[in-house]
Amino acid sequence: MKKKNVDLNQLRNVICYHAYLYYTLDSPIISDFEYDNLIKELILLEKKTQDFKDISPTEKVGSLMLENFKIKKHFVPMLSLDNIYNINELSNFEKKINKRFFLNKQHNFCCELKIDGVAISLLYKKGILIRALTRGDGVQGEDVTLNAFNIKNIPKILNQNFNIPDILEIRGEVYIPLSEFYKLNVLLKNKKFTFSNPRNVAAGSLRHNNPEVTLHRNLMFFCYGFGLCVPKNNFVSHFNFLQKMQKYGFPINSNIVLSKNINDIKKFFLNIQNNRTKFDYEIDGIVVKVDNIFDQTILGNTNKYPKWAIAVKFTPSENVTTIIGISFEV
Ligand code: NAD
């Protein structure tokens, strides 16, 4: 028993170390796949030993935050996503969802790209951007408002032709277009280093001490969710929410489909996987969300992720093959 506990704590420490390198320093030294396998191993070990802890990386979002930013609280926690690497495991996700509903209810699933950047939460008061926080530990994040002002496609004032909520917390992903990433590395050619990974450049540039650096990195943003909405939101579905946000002025990724069943989701996944090189940004999979907002509320969250959404990630071995044009306009 004692030995098991030592292994468990060692594994937790190893994972926390990698989480610190990834989330805090934006400098991971192992792949996401390897990290996710360590997490899976820890989940199994915790179940086996019945040793659960709130501070375990299986329960926690993110890692330590940078001290050079003010730390502020999210109005609604900003969670992570559960993930699978095998598309066939989607049926377990569907089973878990169906279990929560008495009748065998038909669900629509909204499928989106999983943009490989860094999450941000934007706070609008009467349609004006007043604050931007990183996801941080999910409860509080780093205040990167000045830097967010330097991301060109983040709307600073929302389209006043619409009835904008008094308070609106918008969640989305900040990323660096690949064309900008390559340009940056060309500029660095004669220096001692180049950047190896667009995700880490995006995270490092969003959390840079100097907002001018954020400006010159030409970061971009896609909106994919919301937190607080006052008065209470009347979004019927996630798809409907995205359409509305586009009208308000938010950039919404155009590769979105509504699927009625797992087979359609699989088709979407395979299509995206085969076409991933055609995007000017990195993606690491797709995100599948129960579309109905009321059903999302019934399903609820764990400490770490919503039970109504899941990421289906590409495995490192998955090859990129044909290039076919695809675009689903919202
Ligand atoms: P995640 O990146 O797997 O998924 C959650 C995030 O996806 C959200 O916070 C959001 O930022 C993003 N996202 C992109 N598109 C989205 C969309 N359309 N809808 C909703 N969310 C979308 O989870 P995480 O908690 O940010 O990080 C955990 C993952 O990070 C791990 O699974 C691992 O892959 C990686 N990681 C790697 C290391 C390493 O050392 N390589 C260390 C820690 C974490």
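Remark on Gly225: its backbone amide H falls under 5 Å from those of Arg171, a criterion applied only to residues 5 or more positions apart or on other chains, H modelled at 1.01 Å from N.
Counting neighbouring Cβ atoms within 10 Å and putting the fewest first, the residues Arg100, Arg207 line up as Arg100, Arg207. What number, rounded to the nearest 500 deg cm²/dmol, is the helix-based mean residue ellipticity at 222 nm of the chain, given -39500 (n - 2.57) per DSSP H run of at least four residues and division by all its residues? One gets -9500 deg cm²/dmol as the mean residue ellipticity at 222 nm. Cross-link partners of Lys70 among lysines, defined as those whose alpha carbon lies under 25 angstrom from its own and excluding same-chain residues fewer than eight positions apart: Lys60, Lys125, Lys126, Lys152, Lys156, Lys304. Taking the centroid of alpha carbons for each part, region 104-163 and region 208-251 are 4 Å apart. Rounded, prolate or oblate, given the Cα gyration tensor of region 175-284, with a/c below 1.5 counting as rounded? Taking the square roots of the gyration eigenvalues as a ≥ b ≥ c, region 175-284 is oblate. Positive contributions from Lys and Arg (+1) and negative ones from Asp and Glu (-1), summed over other residues with Cβ under 11 Å from the Cβ of Ser80, come out at 0. Put simply, the amide H of Asn255, placed in the peptide plane, has neighbours under 5 Å in Phe328, leaving out anything fewer than 5 places away on its chain. Quotient of the Cα radius of gyration of region 26-91 and 2.2 N^0.38 Å, N being its number of residues: 1.38.
Take the Cβ atoms of Asn9 and Lys247, set R0 to 51 Å, and the FRET efficiency comes out at 0.50.
Simple point charges give the picture: +1 on the Cβ of Lys and Arg, -1 on the Cβ of Asp and Glu, and for region 71-313 a dipole about the Cα centre of about 60 debye. Between the listed residues Leu21, Asn9, Ser31, the Cα displaced farthest toward the positive end of the dipole of region 2-49, a dipole computed from Cβ unit charges relative to the Cα centre, is found at Asn9. Would you please classify the overall shape of region 71-313 from the alpha carbon gyration tensor, given that a ≥ b ≥ c denote the square roots of the eigenvalues, rounded means a/c under 1.5, and beyond that prolate means a/b larger than b/c while oblate covers the rest? Taking the square roots of the gyration eigenvalues as a ≥ b ≥ c, region 71-313 is oblate. Computed about the Cα centre, the dipole magnitude for region 133-216 is approximately 560 debye when only Lys and Arg (+1) and Asp and Glu (-1) carry charge, each at its Cβ. Here's the list of lysines a cross-link from Lys260 could span, going by alpha-carbon distance under 25 Å and ignoring same-chain residues fewer than 8 apart: Lys95, Lys96, Lys99, Lys105, Lys114, Lys244, Lys289, Lys307, Lys313. Which percent, to the nearest 5, of DSSP beta bridges fully inside the chain are antiparallel? Taking every DSSP beta bridge within the chain, about 95 percent pair in antiparallel fashion. Relative contact order of region 144-291, taken over Cα pairs closer than 8 Å and 6 or more residues apart, is 34 percent.
Throughout, read-outs are computed from the coordinates displayed, never taken from laboratory work. All of these numbers come straight from a predicted model, not from anything done at the bench. Ideal geometry is used to build each Cβ from the backbone, glycine not excepted, and the neighbour counts take in all protein chains shown.
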